[in-house]
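What follows is calculated from the coordinates using simple rules that are stated; it is not laboratory data. The structure presented is a predicted model; accordingly, all values stated were derived computationally and were not measured. Neighbour counts run over all protein chains shown; Cβ positions are idealised from the backbone, glycine included.
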Amino acid sequence: MRYVSRPVSVFLFLTLSTLACKTVRHQASEIKWAHTPATSSTSIINARLQYLLLGYQADFKALNVCIQDATFYKGPTLLLETKLAYAAWLDASGQGSEIAWNLFHFTIQPHCNMLDTQFSSVVVIDEVGKITPEQQVDKSFTPSKVSCKRSGKSASCSTGSMLMGLGGTGTIAYQFVTPETWERVTNSAPATVILSPYADWISLENELSKTPLITHYKDLTARGDTLTFAELKAFNAELDKRILKPSSGIDAIVKAFLASKDQTLEKTFVPIQPAFHVLLHEVGHQFGMDHADNPNLDSETGLVGQAEKVPVQGQNPAQAPIRFITSEATMAYADEYLYLTADDKAGINDLAIKNLDLLKTHFKAKPNPIPDPIQATIPDPNQAPLPYSAKTPLPVPAPIPIPAPVPVPAPAQILVPAPVKPPVPAPLRR
């Protein structure tokens, strides 16, 4: 199990006459992505999905996702945005389809136990009054503090560093008779996402309220239980096209300080923060992605194309300016996006291909896999429903009786659990 974090630190320098502000970010370096080693990717979301799609024996029949409700970020909007995050990464991996998507079951509950193996994934939007022992919040998250001071006509404010979220792939155990040929997999620990209880998380609605997307967003929210993969994919493409970034949660405090006559300010505060960019980042860790600008020593990294033409909506593509793809991807600590960048997409696609090759190498071939999602097409809605819906367990083909001589009893084979490396949390990123 690998846990990685999403910390944010903000420094603001303000001139009283202009209210200008500057956010200090990491300097852009190489154009790159990073992900967990393919040889250690047996518990990423893509792998959990492929166990079912390839027809391997597993102790789960769907990818059940438990979502813990919160006070402000809750219900239909939380459900929609969680689905958008999963759909974005699944699509970017190259393994997305309606058949694959229908194997996900999303449910919202008042509390989700992060150790509950009934679920392949647990998403916790935490709050101070809901913290439970297995969440170990005291070892990870702390309240944010803001410090401001004046110097002549200028003022500076800093929040230091605040850990916003954690994400991990969980653990899959496997059994074998013949070494290197796996017979069965077991969900030993679900993949997890937890957002800090020391922020008031809110939906995308305010971020989109001044864009044409708000009507589309509200429509999807109202139909959250029945959304197709194609609909989620299309909305994510709209977020990508508009190159949207979230607003800052410290603005109100800074404005209040500037309006006062105080020379200094020291206080603990709870930011009101749009959650989607943090959720998108942490779900990326569930899919096996690492921080693009500060990867673990064993992570695999790579480069992508350095520039592309990105037209503004309605602009002739031939007249579009060249935009360099930044290394400050969604999976980096710096700029925060409401969509996956080219770096993110290249990284998850590389991992998904390698992971699929790994699984096919270690498992016995099965006679009745679900059709390959990469080759699957979306059926006509007027035709018969998909053979594997989100609410229907996978059918087990009836055995065909074949007359055969009575076999001589052989000694029973015992499935020996393979050693599973105990989960070791990765160092928190600051």
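Under the combined filter of DSSP loop state and at most 16 neighbouring Cβ atoms within 10 Å, the stretch 38-121 retains these chymotrypsin sites (Phe, Trp or Tyr not before Pro): F72. Just so you know, the Cα atoms of the stretch 145-184 work out to an Rg and Dmax of 25.8, 75 Å.
Note on the stretch 136-257: the C-alpha convex hull projects to 13.6 nm² when averaged across all orientations. Label sites at L297 and K139, each approximated as a point 7 angstrom past Cα along Cα to Cβ, lie 2.2 nm apart. Using a Förster distance of 60 angstrom, determine the FRET efficiency expected from the C-beta separation of Q175 and A256, and round it to 0.05. Calculated value: 0.50.
Relative to the current alpha-carbon distance between K360 and T186, full extension at 0.36 nm per residue lengthens the span by 60.9 nm.
For the pair A234 and K218 in one chain, pulling the backbone fully straight at 0.36 nm per residue adds 4.3 nm over the alpha carbon distance.
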